[in-house]
1. In whole Å, largest first, what are the principal axis extents of the Cα atoms in the stretch B:42-94?
2. Over the Cα atoms of the stretch B:175-270, compute the convex hull volume and normalise it per residue, giving Å³.
3. Top mean-square fluctuation among A:Val37, A:Val112, A:Val51, Gaussian network model of chain A, C-alpha springs under 10 Å?
4. Is it possible to state the helix-based mean residue ellipticity at 222 nm for chain B, with each DSSP H run of 4+ residues giving -39500 (n - 2.57), the sum divided by total residues, to the nearest 500 deg cm²/dmol? What is it?
5. Along each of the three principal axes of the Cα atoms of the stretch B:45-264, give the extent in whole Å, ordering the values from largest to smallest.
6. Which lysines, on any chain, are close to A:Lys102 with Cα under 19 Å apart, when same-chain ones fewer than 8 places away are left out?
7. Under the √(5λ) rule applied to the eigenvalues of the Cα gyration tensor, what semi-axes describe the equivalent ellipsoid of the protein assembly as shown? Give them in Å, descending.
8. Could you sort B:15-26, B:216-227, B:200-211 so that the peptide with the highest average Cβ count within 10 Å comes first and the rest follow in order?
Amino acid sequence: MLWETVCSVVGLILVAVGAFCDIAAAIGINRFPNFFVRLHAATVGAIGGAVVPTFGAGLIALGSPELGNYRFFVAGVSFTTGLMIMILGQAGAHALARATLKAKAAPLEPCVHNALREREEVRGE
Amino acid sequence: MKVTDLVVAASIVALALLLSYAMFLGGIGPVPVRSELRTLALNYILLTYNPVKVVYSALAPEGVTAIVWDYRGLDTYFETAVMFLAIISVVALTHGCKVRIGLGKGGMSLIVKTTTRVLMPLIVLAGISITMHGWLTPGGGFQGGATIAVATVLALVTYSIDTLAKHGIRKRVLLAMRSTGLIGIALTAVALLIIGLAIGVNAYIFQNQKRIGSPLAFPAYFSGTPTGGSLLFYNLFEAFAVSAGLSLAIIVTSLREKEVKETLRGEGVE
């Protein structure tokens with residue numbers, strides 16, 4: 001069936017993209033200069049390296065007729081899990097970054113642009 | 001990278017390699033290799049769901065739940081009671097400490113709060129699902145209850161202890177829920193015994209299906225789906241008790257240190 005092949009191929013591409021994102025995130029976490037930029041790399045790993053391949057796994061399951069009806073369960077669980085990581089990943093990264101910034105737990109240098117400080121200056125805080 | 005880091009890394013690798021080499025040589029005792037199952041394991045596998053030999057069966061497809069709540073139910077009951085005692089002890093230690101509310105705005109940023117609001121119902125739903133499939137698939141009351149308690153932890157961290165108190169999740173309510181769950185488990189354990197006494201038939205404590213010398217049984221099917229008989233009730237009550245108990249433990253451990261110390265020194269007021 002054509003659509004099954006399309007699902008499998010798109011799924012495999014997504015898994016490959018995920019693998020690339022994970023490697024990029026690992027390099028970023030090791031090489032980036034401070035906590036906040038490393039957190040960005042970690043989020044690349046969480047969204048690109050976990051959500052995208054999870055969606056890919058769901059598509060691969062949909063394109064595997066040998067799984068029978070179970071492929072719909074696998075795909076459903078994959079998409080739900082992907083969606084939940086997508087919601088949780090950004091909220092977790094935001095909470096970590098905000099807490100670190102407020103508590104001044106990590107050095108901010110080198111800093112290119114600090115929108116929060118600018119906003120506080122505008123408000124006169 | 002410091003030299004000490006290198007030395008630590010190298011020694012960890014060396015330890016792993018040495019241990020695996022010793023294991024390969026049989027240096028840390030013989031590794032048992034069995035081609036066949038032991039009789040006990042085989043009996044569990046053959047009898048957990050066996051409509052032909054009902055007197056030996058729990059009629060639940062999930063072996064672990066069947067063993068935990070049917071074959072060795074009494075043991076599990078006391079395990080649950082031990083956990084209940086531990087929670088009671090924590091509550092007793094902090095007796096008199098009131099959860100003071102309205103001390104500040106509290107809570108994390110709007111982004112985290114919104115995410116939590118979206119996720120909390122999903123977590124509770126997942127917990128209920130794990131509980132309600134406990135006798136069909138891996139999972140059960142404890143796992144489902146612990147999952148539900150995660151929702152409380154999330155709410156506590158993202159919103160603050162004040163919000164929990166405002167929504168009625170207080171120490172006393174949770175303790176009552178926990179006790180209700182435990183009483184429910186105890187009642188399920190003796191339900192058939194009470195019925196047996198009432199109608200003058202033999203019955204056993206922790207009886208699930210028909211046993212030798214006792215014709216009483218919990219309903220094993222609901223519209224064609226196996227319910228595991230009493231396992232359904234045990235799982236439900238266990239989830240109830242565990243979710244309330246763990247939430248209570250989390251709330252007690254998140255009491256403000258200053259207030260707890262004041263109360264323990266006898267300076268606080270109830």
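The values are calculated or read from the model by the stated rules, or taken from the named source; none is laboratory data. In this text the structure is predicted, and so the values were computed from the model without any measurement. Glycine gets a Cβ as well: all are built from the backbone with ideal geometry, and neighbour counts include every protein chain shown. With ligands, DNA and RNA removed, areas are computed over all heavy atoms of the protein, side chains included. Shrake-Rupley method; radii C 1.70, N 1.55, O 1.52, S 1.80 Å.
1. 53, 16, 15
2. Spelled out: Cα convex hull of the stretch B:175-270, divided by residues, is 139 Å³.
3. Checking each option, the largest mean-square fluctuation is seen for A:Val112.
4. Details: 10 runs with 166 residues, N = 270.
Taking each H run of at least 4 residues, the total per residue is -20500 deg cm²/dmol.
5. 63, 37, 27
6. The reachable lysines, counting only those whose Cα sits under 19 Å from A:Lys102, are B:Lys105, B:Lys113.
7. 44, 34, 24
8. B:200-211, B:216-227, B:15-26
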